[in-house]
Amino acid sequence: MPTQTFNIALPQELVKEVDKRAKIEYKNRSELIREALRVYLLKRN
């Protein structure tokens, strides 16, 4: 699947939480955010 890179601004505390959770789940930041967006979008449909 082709990917596209884009920039987003997040509060520092949210970035810390993302990084902490990514480390626990052995994922990188991008993987965790992709998964979170997929879950969010599935729940909204």
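Just so you know, all these numbers are worked out from the coordinates, no wet-lab data involved. Bear in mind that the values here come from a model prediction, so they are computed numbers and not experimental data. Note: ideal-geometry Cβ built from the backbone for every residue, glycine included; neighbour counts use all protein chains shown.
Of the residues that make up region 3-25, is at least one on the phi < 0 side of the Ramachandran plot, of a type in the set (S, T, N, Q) and surrounded by 10 or more Cβ atoms within 10 Å (Cβ to Cβ)? Within region 3-25, none of the residues are on the phi < 0 side of the Ramachandran plot, of a type in the set (S, T, N, Q) and surrounded by 10 or more Cβ atoms within 10 Å (Cβ to Cβ). Scanning region 17-32 turns up one or more residues that are among the charged types (D, E, K, R) and assigned to a loop (DSSP other than H, G, I, E, B). Ala36 satisfies every condition listed in (1) exposed (fewer than 10 other Cβ atoms within 10 Å of the Cβ); (2) assigned to a helix (DSSP H, G or I) except (1).
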